Amino acid sequence: MSHHTQLPTMTETPILIIDDDNVTRLTLKKILHKQGYHVEEANSGEGGLAILEHYIPHLILLDVMMPGINGFETCRLIRNNFSYNETPIIMLTGLNDVASVDDAFIAGANDFITKPINWPLLVKRVLYAIRDRDIQIELAENEARLQHSQRIAKLAYWQMDLQNQEINLSDVFYEQFPTKHISANTFADYIQLIHPDDRDLLQNKLTELYKTKQKIEFDHRIKLDYLDYTFHLYAEAVLDQNNDVQALRGTLQNITQQRNAEALIEHQMYHDDLTGLPNKKQLVNELNKLLARKESDTHLTATVAIGLKRFSEINDSLGHQSADRLLKCFADRLNSLSGIEIAGRYEAQTFVVLINNLNGLDLLKSALDNMQQHLLTPYVVDKQEIFVDIRMGISIFPIEEGNSNSLISNALLALNNAKESINDKTCFHSPEMNQQAVRIRAIETHIRLALENDQLHLFYQPQIDLSSRKLIGAEALVRLELDDNDWMSPIDFIPVAEETGLIIPMGYWIIETACKQIRTWLDCGVEELRIGINLSAKQFSDPNLSTTLDNAVYKYRLPSHCIDLEITESVALDDLDQTINILQRFKQRGYTISMDDFGTGYSSLSSIHLLPIDILKIDRAFIKDIGRNGEHGAMAKTIINMSHNLNLSVIAEGAENEDHIEFLKANHCNEVQGFYYSRPLSADQFLEYYKQYINNESCIIIPNSIASAQ
Amino acid sequence: MAEDTDNLIDYETTDMLLETLEEDFFEVIHEFIKSGDNISSQLKQQVDQGINDIDTLIALSHTLKGASGNVGALLLSDICGKLETTLHEKQFTHISKHVAEIEQIYSKTKNEYLRVFKIAS
């Protein structure tokens with residue numbers, strides 16, 4: 001039983017034998033072959049070198065004494081002429097030939113075996129040599145990989161001897177610089193390479209390391225040919241047996257690119273890509289800094305928001321790229337203004353300028369005038385002369401208290417005012433404006449929550465045929481429920497919904513809810529009534545309106561004449577051709593069209609007859625004073641007559657009392673809607689109202705107490 | 001006779017070779033005898049021609065020294081080595097005697113190999 005551990009079989013590992021003695025060569029070949037090696041053989045040095053031209057052995061067994069070139073010379077030639085120097089060469093020498101052993105070493109051999117050969121030992125020596133070779137190669141590969149990685153990571157190694165201050169820097173360090181003419185052999189040399197501002201830092205840090213023996217790391221710069229390179233230095237102490245610091249060593253990593261990238265990212269974070277100006281964030285930061293410095297200062301700081309008017313038109317006519325170039329020119333001009341602290345791009349076509357140290361409002365006025373004059377001078381973009389118009393909104397510190405955010409948003413509020421104003425191109429912020437903005441934001445929140453939480457409700461105000469006193473239909477009116485059964489007035493929330501665009505989702509909610517309700521009533525046996533749905537300007541121009549409406553009518557299987565679409569004069573006459581187009585499509589589907597609030601807008605009487613409408617609704621303003629103060633309702637009468645001439649039916653809104661009803665009847669108004677018959681009713685109340693109407697065979701006047709909400 | 005053949009072959013070496021090479025051992029011994037026959041006749045030829053090519057004599061004695069040593073013919077290897085040393089030291093007086101001795105020992109060694117390992121000559 002063998003106690004030996006099984007050694008690996010060297011499958012096909014290539015070996016070259018160079019020996020002129022046939023017997024020895026044959027023996028070696030046979031033995032190694034039995035061990036699994038692949039053996040090539042040569043009987044002379046010349047023959048061996050020829051084989052090496054095409055064969056890379058992992059080991060060479062080389063006889064010393066041979067005719068022709070001897071073993072030493074062969075060994076030297078192999079070492080000098082072939083690149084794979086990791087191949088071990090074992091020389092076969094005489095037992096008593098010490099001189100040969102030395103010569104073999106000098107010639108580049110790795111080991112020797114004496115003759116007569118101890119065969120079992122030879123097998124082991126060969127195994128060891130090949131393993132050494134493999135380890136050498138792996139080591140060399142690892143070393144190469146490490147060097148490669150260090151090159152990629154720009155990571156150099158350094159060591160400094162404290163005795164003589166000599167410093168040893170690996171090649172990677174020098175490779176970081178384009179110039180080949182630098183070298184640092186001593187610490188003094190290295191210090192010369194360091195940026196003057198960082199020299200003390202380096203000295204102090206290394207002194208700290210020497211004293212504390214605790215590893216340190218920090219960044220410092222090298223200044224070369226007017227360029228700065230940032231290096232991250234890691235350093236540790238090398239201690240001797242007495243625990244004294246003998247040397248310092250560590251790594252130096254070139255992190256210039258990372259630092260530059262970080263700086264770029266930092267810059268991009270705080271600057272606008274297009275114009276290069278500070279962005280919103282940076283404007284707030286700068287204003288914060290300004291305000292922090294101003295504690296004891298009585299001078300004024302103005303935050304000026306500047307908006308380009310009609311920029312979207314410029315965008316449309318010039319194209320996106322030219323419009324961008326215009327913005328860039330505008331920004332450049334803004335940035336070159338004298339007397340300003342900072343100019344930035346707040347968003348899209350809105351810029352903000354900070355003017356500091358103003359010694360009174362007069363100075364501000366002249367600064368603004370100067371600014372305006374400068375910015376309004378025509379621009380030349382892509383060989384075209386472009387005129388721009390601007391609006392300005394201003395908030396002033398410390399006249400207004402507040403932080404940077406509020407100063408900027410107040411300036412923006414004022415800018416908004418300036419944009420809407422017909423007369424004032426420049427507006428200063430006032431506390432009222434602020435309150436108004438806060439109120440609008442609160443309402444906006446209410447609307448959003450109401451949409452999410454089902455707090456919108458539809459109420460229905462009956463419409464009655466005056467001559468027959470029949471219930472013809474109702475106008476659906478949206479109401480917003482606040483908490484605790486409290487209601488927000490439509491006068492408050494409709495304009496905000498219009499402004500914020502929430503009118504669109506709200507409008508669709510109304511269409512869906514009204515249609516669903518009509519279906520419910522029809523299912524309860526209510527006859528086909530005409531329900532008025534108000535369409536806002538935004539909704540009217542929404543391309544999805546028609547589809548949404550059709551879908552809801554189809555979904556609830558409604559006769560389309562049950563739907564009465566109410567539009568106002570301003571909606572209708574905004575783009576007459578377009579309106580006629582849309583209304584005709586609605587008409588084709590069988591919907592009824594009413595013109596709401598007639599008489600209050602800018603109706604062009606000549607256009608009314610062009611519109612495919614069915615009903616005119618006289619605004620309550622023309623009804624409410626009839627009978628009071630001797631008012632005879634001349635306007636109402638005119639509208640009724642005109643409507644009839646145009647073959648339109650007329651509904652009078654706001655009919656509240658007997659006088660109104662008598663007047664309207666006498667003047668042949670077709671229908672009425674108002675408190676005289678009923679306030680707006682909830683869906684359930686409306687059903688009750690309908691039942692009573694059926695029982696009485698005509699509409700009754702219901703007490704106000706039933707209708708709880710307006 | 002027994003005493004004469006005792007130290008011709010180092011059986012430790014041949015045992016090792018046998019164990020390692022198995023049947024290939026016989027091929028090696030064949031090669032040794034082929035090589036030995038050749039060198040021994042060349043050596044004789046050199047002496048017959050009047051010993052004027054010392055380098056060839058050195059090379060021949062060196063090769064036979066190595067070959068015999070490696071197959072366990074240690075006595076032969078030893079006397080080949082002695083001839084090689086003598087030639088290196090340029091002592092040419094007893095060369096004929098040396099060569100004759102090599103021939104004799106080689107012949108005995110060869111016969112011993114043939115006999116012990118039952119090799120047909």
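If you filter the range A:392-416 down to residues that are buried (at least 20 other Cβ atoms within 10 Å of the Cβ), farther than 14 Å from A:Leu364 by Cβ and of a type in the set (S, T, N, Q), you find that the one that is modelled with the highest pLDDT is A:Asn410. Does any residue of the range A:408-423 turn out to be in contact (Cβ under 8 Å) with a residue 60 or more places away in the chain, of a type in the set (S, T, N, Q) and assigned to a loop (DSSP other than H, G, I, E, B)? Within the range A:408-423 (the criterion being in contact (Cβ under 8 Å) with a residue 60 or more places away in the chain, of a type in the set (S, T, N, Q) and assigned to a loop (DSSP other than H, G, I, E, B)), the answer is no, since none of the residues qualifies.
Within the option set A:Ile135, A:Ile130, being under 17 Å from A:Leu16 (Cα atoms), away from every other protein chain (no Cβ under 14 Å) and assigned to a helix (DSSP H, G or I) holds for one residue only, A:Ile130. Once the range A:206-241 is narrowed to residues that are assigned to a strand (DSSP E or B) and of a type in the set (Phe, Trp, Tyr), the residue that is farthest from the chain's Cα centre (by Cα) is A:Tyr234.
Picking from residues in the range A:461-491 that are farther than 20 Å from A:Leu535 by Cβ and among the charged types (D, E, K, R), the one that is surrounded by the fewest Cβ atoms within 10 Å (Cβ to Cβ) is A:Asp484.
On the stretch given as the range B:54-105, residues that are assigned to a loop (DSSP other than H, G, I, E, B), of a type outside the set (A, V, I, L, M, F, W, C) and more than 9 Å from chain A (Cβ to nearest Cβ) total 5. A count restricted to the range A:77-102 and to residues that are touching a strand residue (DSSP E or B) at 6+ places or on another chain (Cβ under 9 Å) and either part of a loop (DSSP other than H, G, I, E, B) or modelled with pLDDT of 90 or more (or both) stands at 11.
As a summary of the residue check, A:Leu49 satisfies the conditions (1) assigned to a helix (DSSP H, G or I); (2) surrounded by 16 or more Cβ atoms within 10 Å (Cβ to Cβ); (3) within 12 Å of chain B (Cβ to nearest Cβ) except for the one numbered (3). Tell me whether the range B:30-39 contains one or more residues that are at pLDDT 90 or above, under 17 Å from B:Lys97 (Cα atoms) and away from chain A (no Cβ under 13 Å). No; the residues of the range B:30-39 include none that is at pLDDT 90 or above, under 17 Å from B:Lys97 (Cα atoms) and away from chain A (no Cβ under 13 Å). Exactly one residue out of A:Gln203, A:Gln176, A:Gln192 is among the polar types (S, T, N, Q) and either part of a strand (DSSP E or B) or in contact (Cβ under 8 Å) with a residue 60 or more places away in the chain (or both), and it is A:Gln176. All told, A:Leu687 meets the bar of being aliphatic (A, V, I, L, M), assigned to a helix (DSSP H, G or I), under 57 Å from the mean Cα position of the chain (by Cα) and at pLDDT 90 or above.
The set of residues from the range B:7-28 being within 9 Å of chain A (Cβ to nearest Cβ) and not polar (S, T, N, Q) comprises B:Asp10, B:Met16, B:Leu17, B:Glu19, B:Leu21, B:Glu22, B:Asp24, B:Phe25, B:Glu27, B:Val28.
The values are calculated or read from the model by the stated rules, or taken from the named source; none is laboratory data. The model shown is predicted, which means the values in this text are computed figures rather than measured ones. Positions of Cβ are generated from backbone atoms using ideal geometry, with glycine treated the same way; all protein chains shown enter the neighbour counts.
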